[in-house]
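Peer 1: After the structure tokens below, expect a handful of questions from me.
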Amino acid sequence: MLLLFGVLITTLTSCSSDNEEGGKSSEIIKTLKANKWISRDASMGEGYNDHIWVDLESTTLYFTSDNAGVIYWIQKDYDSDLGNNRTYDYEPFTYTVDGNKVIVKTETHTKDLTLSGNYLSDNSGVYEASPISSGDYELLNKISPKTGKCGNSLSYIYYPKTHVLSIYGTGKMKDFSTTNQPWHDLYIENVEIQDGCTSIGANAFTNIQHVTSVELPRTLTEIGANSFAGTLITKLTIYDNVIKIGEGAFFGCNYLKTVYLSDNLEEIGADAFHACPVSETAFSLPKTLKHIGDRAFMGWKMGTLTLNDNLETIGNACFTGVKGTINIPNSVKSIGGLAFEGSFNKVVIGTGLTDLAKSAFASTASSGQFYVNLGVPLTMDGCIFSGNVSDDDIQKKWTLYVPRGSKTAYSNNEYWKRFGNIIEDASLTSGNGEATDTDNNGTGESGKDDGELVPKYDYKNLTYMIDGVTYKMVLVDGGNFAPFYIMQTELPPNASFMIGYDYVGVLNQNLDVAVIKSEFRIFLDKLREATGIAFRLPTTSEWMFAARGGKYSKGFNYCGSNSIDDVAWYKGNSSYRIHDIATKKPNELGLYDMSGNYAEVCNDTDDLHHIDGNLCGGNWSEEAKFCKSTYAKPQPTSGKLGNTIYKNKYAFNAKYETIRLVYSVPK
């Protein structure tokens, strides 16, 4: 019994002692943080000819948290011959408290200090407590690391002494404007992004011109638009998890001379490396790359260029300084204007090309060979070559080689006939039919007539899914129209579409900047075949009637409200980007996004697959007046579609425009 009591007493005493020690440590930490601790030293001397000097030195410890702080050292020199001088330095530290011992650790040194009253001391000196002034807080604000959030699970820390910004955590970085980055006003030279970060936000470091080096993480999958534009970086390694580089990501990096690209890239945006002075003797694109935006590599000296077998689109003015032979793989469908510039003397066009912009090639070679694996000449609106003399004169220096049996077709074509010589080559094959075929660029018609269709679903209660979310077909009756059903939402061009149990696919099958007529035809015919229902585009009058709310209309200016912000994404609230569908209020019929977001294509012709009709309702980039339920504008049918390589005729811009299908009540 005595033994147990003794143990109990010992245990209680031990706990009490621990509590006392913890309380004592807390009080010491409180004292340390409440003061600055200064150690001072002075020295002086005299020399010849009345030379006198005085040195005043002080070291201050700031305990800024329960376990960290900053050492600030300053020295003032007064010299009768050399004049006065002031130098300073600072360094972060961590510390722990053990009794009245304060152990301070920097990166290179450890100090064991003893607290006694208002003094901290060790064998080398004494630090005296002194009140912290407003000037001290200003100093600490200047020299202390800056921290903050730059994503849901991403943070940053900036070290003023080394001018290093370090980003750590997991997930995606936020997008920014060019002036609202959290580090916008900091002087940054080096950026270190640690593993865990998966994307770099748009404009993250745009025109932060002191940045000279960037370390990207291996976990990165996407680099946002304009993220490092205008910086002073000289070398860049993009690791293999990156699949997309956004528009202008490294635009105007005038000192960037070495770039290692991810082997798994799928898309490089417009101007991504524009005006970067990279010089290669030979350059091979990543094997997975599909899309290259306008001017993506403009300014590079490519040397011998090897394109990959998965490449589909090549934008305007992409490659400069190209030498030797250009082999266009069979996978490539479109090539923009001035896509290739250099001194190359041989071009081989694969079987898959459907759209070739005028002046796609610009070479300084005195002559060359141009091979096409296409039996039918592609429709052109200008010469194939361009240069500093007339395009005709340049093209005449080259010989065109075509598949057997197609010479006549090329010789009769306004622009292809301008080659100096046209020769049939039995080794070439045709990827687009025989020379007797007509190249309708996807304008041919197919599919069953409405009368041949037999509904396979209950058309009155039909639903559909966009990217896994279910919506419904809505009945519109009344007015001067035969009753029809209309989609509750518009169809984003790059979204997956399923109706009933049938997966129809993606409207923009190439996931590029344009939906062309052949893509729409394939999509619509597949939908009609799967459902047995005569889906079609609405007429302009049908669209406007539905947009105004049909027979339930309350006469709103916009589709569902007199306040555009309630029902539409437009220039005033869209942050200059498209938004998910059905995130604003619907109109009186329950239809979403009839105002703004995407403009919607209508068809007032007898051509089931006509996509050059009016655009209704305005889009996310347009002003409010263009988003009214009564607004429609004709599409241009000549020239290029926006800043793309596609022609306006038989196409619409997937960034701004889309479709909302209807069907009449079956007879």
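The values are calculated or read from the model by the stated rules, or taken from the named source; none is laboratory data. Please read these numbers as outputs of a predicted model, since none were measured by experiment. Glycine also receives a Cβ, built like all others from the backbone with ideal geometry; neighbour counts cover every protein chain displayed.
Peer 1: From the list 186, 120, which residue is outside any helix (DSSP H, G or I) and buried (at least 17 other Cβ atoms within 10 Å of the Cβ)?
Peer 2: Going through 186, 120 in turn, the sole match is 120.
Peer 1: Considering only residues that are surrounded by 14 or more Cβ atoms within 10 Å (Cβ to Cβ) and among the hydrophobic types (A, V, I, L, M, F, W, C), which ones fall in the range 54-93?
Peer 2: Listed by number, the residues that qualify are 54, 56, 61, 63, 68, 70, 71, 73, 74, 93.
Peer 1: Here's something else I'd like to know. Of all residues in the range 263-296, which are part of a loop (DSSP other than H, G, I, E, B), surrounded by 20 or more Cβ atoms within 10 Å (Cβ to Cβ) and touching a His at 6+ places or on another chain (Cβ under 8 Å)?
Peer 2: 295, 296
Peer 1: Does residue 630 satisfy the criteria of being under 19 Å from residue 562 (Cα atoms), free of Cβ contacts under 8 Å to residues at least 40 places away in the same chain and of a type in the set (Val, Ile, Thr)?
Peer 2: Working: under 19 Å from residue 562 (Cα atoms): yes; free of Cβ contacts under 8 Å to residues at least 40 places away in the same chain: no; of a type in the set (Val, Ile, Thr): yes.
So residue 630 fails the test.
Peer 1: Would you confirm whether any residue within the range 3-10 is of a type in the set (Phe, Trp, Tyr), at pLDDT below 90, over 24 Å from residue 65 (Cα atoms) and part of a helix (DSSP H, G or I)?
Peer 2: Within the range 3-10 (the criterion being of a type in the set (Phe, Trp, Tyr), at pLDDT below 90, over 24 Å from residue 65 (Cα atoms) and part of a helix (DSSP H, G or I)), the answer is yes, since at least one residue qualifies.
Peer 1: Checking residue 410 against (1) more than 15 Å from residue 362 (Cα to Cα); (2) modelled with pLDDT of 90 or more; (3) assigned to a loop (DSSP other than H, G, I, E, B), which single condition isn't satisfied?
Peer 2: So the condition that residue 410 fails would be (3).
Peer 1: May I pose another question? Filter the range 297-316 down to the residues that are within 27 Å of the chain's Cα centre (by Cα), not hydrophobic (A, V, I, L, M, F, W, C) and not in a loop (DSSP other than H, G, I, E, B) and list them by number.
Peer 2: Correct list: 301, 306, 313.
Peer 1: Tell me the residue from 128, 138, 107 that is in a loop (DSSP other than H, G, I, E, B) and farther than 29 Å from residue 231 by Cα, please.
Peer 2: Just a single option satisfies the conditions, and that option is 107.
Peer 1: For the list (1) closer than 17 Å to residue 201 by Cβ; (2) in contact with a strand residue (DSSP E or B) (Cβ under 6 Å, 6 or more places away or on another chain), I need the number of the one condition that residue 242 fails.
Peer 2: Checking residue 242 against (1) closer than 17 Å to residue 201 by Cβ; (2) in contact with a strand residue (DSSP E or B) (Cβ under 6 Å, 6 or more places away or on another chain), the one that fails is (2).
Peer 1: Do we find that residue 479 is outside any strand (DSSP E or B) and in contact with a helix residue (DSSP H, G or I) (Cβ under 8 Å, 6 or more places away or on another chain) in this structure?
Peer 2: yes
Peer 1: Tell me, which strands (runs of 3 or more DSSP E) lie completely within the range 28-96 with 1 or more residues that are of a type in the set (Gly, Ala, Ser) and over 17 Å from residue 124 (Cβ atoms)?
Peer 2: Of the strands (runs of 3 or more DSSP E) lying wholly inside the range 28-96, those with at least 1 residues that are of a type in the set (Gly, Ala, Ser) and over 17 Å from residue 124 (Cβ atoms) span 35-46, 68-79.
Peer 1: Being farther than 15 Å from residue 487 by Cβ, assigned by TED's automatic domain parsing to the domain that holds residue 463 and surrounded by 17 or more Cβ atoms within 10 Å (Cβ to Cβ) narrows it down to one of 530, 582, so name that one.
Peer 2: 530
Peer 1: Here is a list of conditions, (1) buried (at least 16 other Cβ atoms within 10 Å of the Cβ); (2) over 25 Å from residue 385 (Cβ atoms); (3) among the acidic types (Asp, Glu), and residue 309 meets all of them except one; can you say which number that is?
Peer 2: With respect to (1) buried (at least 16 other Cβ atoms within 10 Å of the Cβ); (2) over 25 Å from residue 385 (Cβ atoms); (3) among the acidic types (Asp, Glu), residue 309 is out only on (1).
Peer 1: Among the residues of the range 612-640, write down those that are surrounded by fewer than 23 Cβ atoms within 10 Å (Cβ to Cβ), farther than 17 Å from residue 543 by Cβ and not small (Gly, Ala, Ser).
Peer 2: If the condition is that a residue be surrounded by fewer than 23 Cβ atoms within 10 Å (Cβ to Cβ), farther than 17 Å from residue 543 by Cβ and not small (Gly, Ala, Ser), then 623, 625, 636, 637, 640 are the ones that fit.
Peer 1: Hey, can you tell me all the residues within the range 317-337 that are buried (at least 21 other Cβ atoms within 10 Å of the Cβ) and part of a loop (DSSP other than H, G, I, E, B)?
Peer 2: 317, 318, 332, 336
Peer 1: Would you check which residues across the range 477-496 are more than 25 Å from residue 314 (Cα to Cα) and modelled with pLDDT of 95 or more and list them? Spell out the reasoning first.
Peer 2: Here is the first cut: in the range 477-496, the ones more than 25 Å from residue 314 (Cα to Cα) are 477-491.
485, 486, 487, 488, 489, 490, 491, listed by residue number.
Peer 1: Taking the residues in the range 145-181 that are in a strand (DSSP E or B) and of a type in the set (Phe, Trp, Tyr) as candidates, determine which candidate is surrounded by the most Cβ atoms within 10 Å (Cβ to Cβ).
Peer 2: 156
Peer 1: Also, quick follow-up: Considering (1) in contact (Cβ under 8 Å) with a residue 40 or more places away in the chain; (2) farther than 20 Å from residue 580 by Cβ, say which one residue 502 fails and leave the rest.
Peer 2: Only one criterion in (1) in contact (Cβ under 8 Å) with a residue 40 or more places away in the chain; (2) farther than 20 Å from residue 580 by Cβ is unmet by residue 502, namely (1).
Peer 1: Shifting gears a bit: In the range 360-382, which residue that is among the hydroxyl-bearing types (Ser, Thr, Tyr) and crowded, with 18+ Cβ neighbours inside 10 Å is modelled with the highest pLDDT?
Peer 2: So, considering only residues that are among the hydroxyl-bearing types (Ser, Thr, Tyr) and crowded, with 18+ Cβ neighbours inside 10 Å, the one modelled with the highest pLDDT is 371.
Peer 1: Considering only residues that are buried (at least 22 other Cβ atoms within 10 Å of the Cβ) and over 34 Å from the mean Cα position of the chain (by Cα), which ones fall in the range 486-506?
Peer 2: Result: no residue meets the conditions.
Peer 1: Of everything in the range 213-249, what is touching a Phe, Trp or Tyr at 6+ places or on another chain (Cβ under 8 Å), surrounded by fewer than 19 Cβ atoms within 10 Å (Cβ to Cβ) and more than 18 Å from residue 168 (Cα to Cα)? Give them in sequence order.
Peer 2: 232, 234, 237
Peer 1: Is the range 285-293 home to any residue that is among the small types (Gly, Ala, Ser) and more than 25 Å from residue 304 (Cα to Cα)?
Peer 2: Checking the range 285-293: not a single residue is among the small types (Gly, Ala, Ser) and more than 25 Å from residue 304 (Cα to Cα).
Peer 1: Right, another one. Would you confirm, using the coordinates I've provided, whether residue 122 is under 18 Å from residue 57 (Cβ atoms), under 43 Å from the mean Cα position of the chain (by Cα), modelled with pLDDT of 90 or more and not hydrophobic (A, V, I, L, M, F, W, C)?
Peer 2: no
Peer 1: Pairs only if they're at least six apart or on different chains, beta carbon under 6 angstrom, first in the range 447-464 and of a type in the set (Phe, Trp, Tyr) and assigned to a helix (DSSP H, G or I), second at pLDDT 85 or above and loosely packed, with under 13 Cβ neighbours inside 10 Å; list them, first residue then second.
Peer 2: none
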